[in-house]
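The structure appears right after this line, and notes come after that.
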Amino acid sequence: MSAPNSTGLRALNREIADAADPHVVRIVATVDAMASRGAADALIAPLRPRLAALRPPRPLRFARLLFHPLEPLIVSAARWRPDRNSIPRTAIGPVAEHVRLAMGPDAAAIEASIRHRTTADTDIIARCGALLWPAASRILSAGGVPEAWDRTELGPGVYESLAACMAALLDQAAALETMVVGTANGLLPPDGHQIAAILTKAAACHLPALPMMIVLLLARVPESAAALPQAHTGATGVAVRAALGQAAERLLRQLREDDGTEARIASGNLANAGASAGWIGSLLRQLDTGAADPRRRADIQAIRGRLDASCKARFGAGLQQELLAPLNDLAPLAIPALEATARNLRVLEAEARTISGGGGYDQLLNKAAEAIGIRAAKGRMHLVDQVRLVEILSGPEAAMALLD
Amino acid sequence: MPFTTPLLAGARVRLGSKNAPELVIPNPSGGRGVYIVQWPGVRALCSPTVHDTMLFRRLIGLTRIDPCSIREAALAVALQGYAGTEATTAAARTIEADRRLGLRHHFQLLTALLQQVNPDGYSGPVAPERTPEFDRRASNVLHAIAPAFHCSAAHLATGLDALGEAFAPVGMMADGRPTRVRRLLGKLGGTRDSVALWLDAAPANDIGGLGRGIISSMAVAHRVGTALLTATQAALADPAGLLRHWVANPTDSIAKAARCDWLLDGWEGVCLLWHPTDCDASRRAALLEMAQMVPVLPREISEWTDIPIPDPVMDPSARVVSQNDEWRRGAAAFALIRRNEALRAMSE
């Protein structure tokens, strides 16, 4: 593949930015499969907010594994600021190469283990990460600027500060992974002792890394917020509370800036929208405590309003385009696909209700159930299919009413 | 009960007063104790799916509730489509497989009877498939032995039908093909080994000993199940004796055939929860759900086998105190219902 010139690249970028989700996933897979991405990497740049919502499995490479636990902190170089508790994306390549060279054969062994694996292979990430992250932490602590750091245009001073933070974070990455796994997909509360140990060690390693560590904790398990103030007393407790404030500010900024909230809900499929709404809602609930300062609470309120509006818009569009429109089609209905859509709509609605009370959804859901009834009345749908769709959309009682 | 409502996971059914079915539901909070409720009480506790309501309705009016009648009811409801299209297809497949297995087993039982009684003095093997000659010989045998059984040949034929159907899930020992009970024992043993391997590799993944408790219960169920299977199959080696017992006490004969089903009742659901897991977090989540669904072993087990049963296995109190009930309600419930429907499609 020859590299497109800058005009061609801009045109391609515009085209790609408007591409449908499945198209975006295919583009990313194609670029990921290239041995040398070069200019093609720039094609992905404008898609990153959508990728964050779509979360397609990506090939597990050394750099991706190394930065996997730090993903919530990574921002574009243009957005990166030294005081904003984040890591510029441009640092990934040079740092990963630096670590890989320093590790030598150990890095090669890890690369062999992750070959042909993807970011969906969570067991492999945990297993190989447990080898890589502590080693990387030691390498980054040892000093020495990566050879390719110049490419970041950030200067060696920035590297030193970033490397110290990354070393502290990577040192605790395996413990963080263990803590997350321990919640059994959210069925169990996060372990307060594990959280306390992670924060203590991160603070001891490099105190300025503490807000970033808390960002990582909250991004993975928002419920950790409740355990943070209790995790420490004395001077460390003061530091943790201050760091929590900075972490909250960092996370809220991310949701505030550049339609962060809207993009997460509007991008990706309905299932992604429901999951994103659930995560943001949970995070906002955790950060909206009595102890939060009035400015932060106002901030949260504003984001909650935007989240509510985004959910309503996504729900309305999903209902119309993915459920009602196929119902009007004369083609044979793909009932399982309609059921999946109905389920995703209900998940989005259920999450939205926890954010704002969810006014207006019932009316839309009833309208959908009526449309299904009309379709069934015309003999274009079996009773059992109608019952199941109404059950998902309006609940079992409404569905049983069709049978009794 | 193979319910799809998340909050009804691990629920059992029994006949209450006035022969009305009532449910025994594990404490939804995960703590010790159970709720014993009739259907209106279930509706106060949660909003049961249409599938579950239709399933429960099929149990009303039954004079006997056992694993077989529940399985038949569940297959019928799945066949109607209330657990989704995958479960409908699977139910149709299972019902057809049951029918074929029943026919095959009836034929095998009849064949064994012919070989055992051998009234024509013919000691060679009978035809591998049903032929007019085979039917003539079978009829001759039944007429020949009927006087000694103090009943008609037609009654004996009815008995053979009933026994063939009842013992079909167990299968003849000589028939190496996997029957439902054998497959279930295989799943149980496989799951026990898989959980054990996982915990051996990373003991910290056990949650307060839940995993070891589950393995222990599985091991007992597997051991007793294997012994019961052997004993039940041994009874099939004497088809004339089996038939004589059926004539004397048909209920007891059929109950003997159902012992494996009683023992293994509920274990398939537990095993199915484990097998779709693909990472440690999911496996831990599965452990929590499995612990809530570990079946209670039937009290009669001590009469069925000499294998000593540890007391904790007879009273599985490994209840789970999770964060709260939220993981089974609200948005999460939709995914769980879908998952439960997928498990219905995977069950036999």
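The values are calculated or read from the model by the stated rules, or taken from the named source; none is laboratory data. None of the values given here were measured: they were computed from a predicted structure. Heads up, the Cβs are rebuilt from the backbone with ideal geometry, glycines too, and the neighbour counts pull from every protein chain shown. Only protein heavy atoms, including side chains, enter the accessible area calculation; ligands, DNA and RNA are left aside. Shrake-Rupley method; radii C 1.70, N 1.55, O 1.52, S 1.80 Å.
General observations
- Within the stretch A:294-318, the set of residues being hydrophobic (A, V, I, L, M, F, W, C) and out of contact with any helix residue (DSSP H, G or I) (no Cβ under 6 Å at 6 or more places or on another chain) comprises A:ALA298, A:ALA302, A:ALA309, A:ALA313, A:ALA317.
- Residue pairs whose Cβ atoms lie under 6 Å apart, sitting 6 or more positions apart in sequence or on different chains, and linking a residue in the stretch B:174-197 that is in contact (Cβ under 8 Å) with a residue 24 or more places away in the chain to a partner that is among the acidic types (Asp, Glu) and in a helix (DSSP H, G or I), are B:LEU184/B:GLU268.
Conditions (1) part of a helix (DSSP H, G or I); (2) in contact (Cβ under 8 Å) with a residue 24 or more places away in the chain; (3) open to solvent by less than 40 Å² (accessible area, probe 1.4 Å), marked per residue:
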position	(1), (2), (3)
A:ARG297	yes, no, no
A:LEU307	yes, yes, yes
A:PHE315	yes, yes, yes
A:LEU323	yes, yes, yes
A:GLU349	yes, yes, yes
A:ASP362	yes, no, no
A:ALA369	yes, yes, yes
A:ILE374	yes, no, no
A:GLY379	no, no, no
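- B:PRO308 over 15 Å from B:ALA9 (Cα atoms), under 21 Å from the mean Cα position of the chain (by Cα), of a type outside the set (A, V, I, L, M, F, W, C) and open to solvent by 40 Å² or more (accessible area, probe 1.4 Å): no
Every residue, every condition in (1) out of contact with any Phe, Trp or Tyr (no Cβ under 8 Å at 6 or more places or on another chain); (2) within 14 Å of another protein chain (Cβ to nearest Cβ); (3) within 22 Å of A:ARG55 (Cβ to Cβ); (4) buried (at least 22 other Cβ atoms within 10 Å of the Cβ), yes or no:
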{"site": "A:ARG256", "(1), (2), (3), (4)": "yes, no, yes, no"}
{"site": "A:THR261", "(1), (2), (3), (4)": "yes, no, yes, yes"}
{"site": "A:GLY281", "(1), (2), (3), (4)": "yes, yes, yes, yes"}
{"site": "A:ASP293", "(1), (2), (3), (4)": "yes, no, no, no"}
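- So B:ILE207, is it surrounded by fewer than 22 Cβ atoms within 10 Å (Cβ to Cβ), of a type outside the set (Lys, Arg) and within 23 Å of the chain's Cα centre (by Cα): no
This table checks each residue for (1) surrounded by fewer than 18 Cβ atoms within 10 Å (Cβ to Cβ); (2) at pLDDT 90 or above; (3) over 24 Å from B:ALA281 (Cβ atoms); (4) in the same structural domain as A:VAL145 (by TED's automatic domain parsing).
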| residue | (1), (2), (3), (4) |
| --- | --- |
| A:PRO82 | yes, no, yes, yes |
| A:ALA91 | no, yes, yes, yes |
| A:VAL95 | no, yes, yes, yes |
| A:HIS98 | no, yes, yes, yes |
| A:ASP106 | yes, yes, yes, yes |
| A:ALA112 | yes, yes, yes, yes |
| A:ARG117 | yes, yes, no, yes |
| A:ASP123 | yes, no, no, yes |
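- No other residue among A:LEU170, A:LEU228, A:LEU176, A:LEU187 is away from chain B (no Cβ under 14 Å), over 15 Å from A:SER86 (Cα atoms) and out of contact with any strand residue (DSSP E or B) (no Cβ under 6 Å at 6 or more places or on another chain) apart from A:LEU228.
- Every test in (1) in a helix (DSSP H, G or I); (2) out of contact with any Phe, Trp or Tyr (no Cβ under 8 Å at 6 or more places or on another chain) is passed by A:PRO189 save one, and that test is (1).
- Scope the stretch A:381-404; condition surrounded by fewer than 16 Cβ atoms within 10 Å (Cβ to Cβ), within 9 Å of chain B (Cβ to nearest Cβ) and charged (D, E, K, R); matching residues: A:GLU397
- Test result for A:ALA243, of a type in the set (A, V, I, L, M, F, W, C) and either open to solvent by 10 Å² or more (accessible area, probe 1.4 Å) or more than 21 Å from the chain's Cα centre (by Cα) (or both): yes
- Scanning the stretch A:325-342 for residues that are within 14 Å of chain B (Cβ to nearest Cβ) and either open to solvent by 30 Å² or more (accessible area, probe 1.4 Å) or touching a Ser or Thr at 6+ places or on another chain (Cβ under 6 Å) (or both) gives A:PRO332, A:LEU333, A:ALA334, A:PRO336, A:ALA337, A:ALA340.
- Of all residues assigned to the stretch B:38-49, none qualifies as being surrounded by 15 or more Cβ atoms within 10 Å (Cβ to Cβ) and farther than 23 Å from A:LEU403 by Cα.
- Checklist (1) surrounded by fewer than 17 Cβ atoms within 10 Å (Cβ to Cβ); (2) touching a residue at least 12 places away in the same chain (Cβ under 8 Å) applied to B:SER69, failing item: (2)
- Single unsatisfied condition, B:GLY171 versus (1) in a helix (DSSP H, G or I); (2) open to solvent by less than 20 Å² (accessible area, probe 1.4 Å): (1)
- Wholly within the stretch B:236-296, helices (runs of 4 or more DSSP H) carrying at least 2 residues that are within 14 Å of chain A (Cβ to nearest Cβ) and touching a residue at least 40 places away in the same chain (Cβ under 8 Å): B:267-274, B:280-293
- Criterion (within 14 Å of chain B (Cβ to nearest Cβ), small (Gly, Ala, Ser) and under 30 Å from the mean Cα position of the chain (by Cα)) met by exactly one of A:ALA317, A:ALA352: A:ALA352
- Scanning the stretch A:212-221 turns up no residue that is β-branched (Val, Ile, Thr), away from chain B (no Cβ under 14 Å) and open to solvent by 20 Å² or more (accessible area, probe 1.4 Å).
- Those residues of the stretch B:236-294 which are polar (S, T, N, Q) and in contact with a Lys or Arg (Cβ under 6 Å, 6 or more places away or on another chain), in sequence order: B:THR277
- The one condition in (1) among the hydrophobic types (A, V, I, L, M, F, W, C); (2) over 20 Å from the mean Cα position of the chain (by Cα); (3) more than 14 Å from chain A (Cβ to nearest Cβ) that B:ALA44 fails to fulfil: (3)
- Looking only at the stretch B:297-326, and only at residues there that are within 11 Å of chain A (Cβ to nearest Cβ) and in contact with a helix residue (DSSP H, G or I) (Cβ under 8 Å, 6 or more places away or on another chain), the one that is modelled with the highest pLDDT: B:GLU326
- Considering residues of the stretch B:61-88 that are within 13 Å of B:ALA345 (Cα to Cα) and assigned to a loop (DSSP other than H, G, I, E, B) only, the residue nearest to the other protein chains (Cβ to nearest Cβ): B:GLY81
- Here the stretch A:131-154 is the region considered, the condition is being open to solvent by 50 Å² or more (accessible area, probe 1.4 Å) and outside any loop (DSSP other than H, G, I, E, B), and the residue that is nearest to A:ALA175 (Cα to Cα) is A:LEU131.
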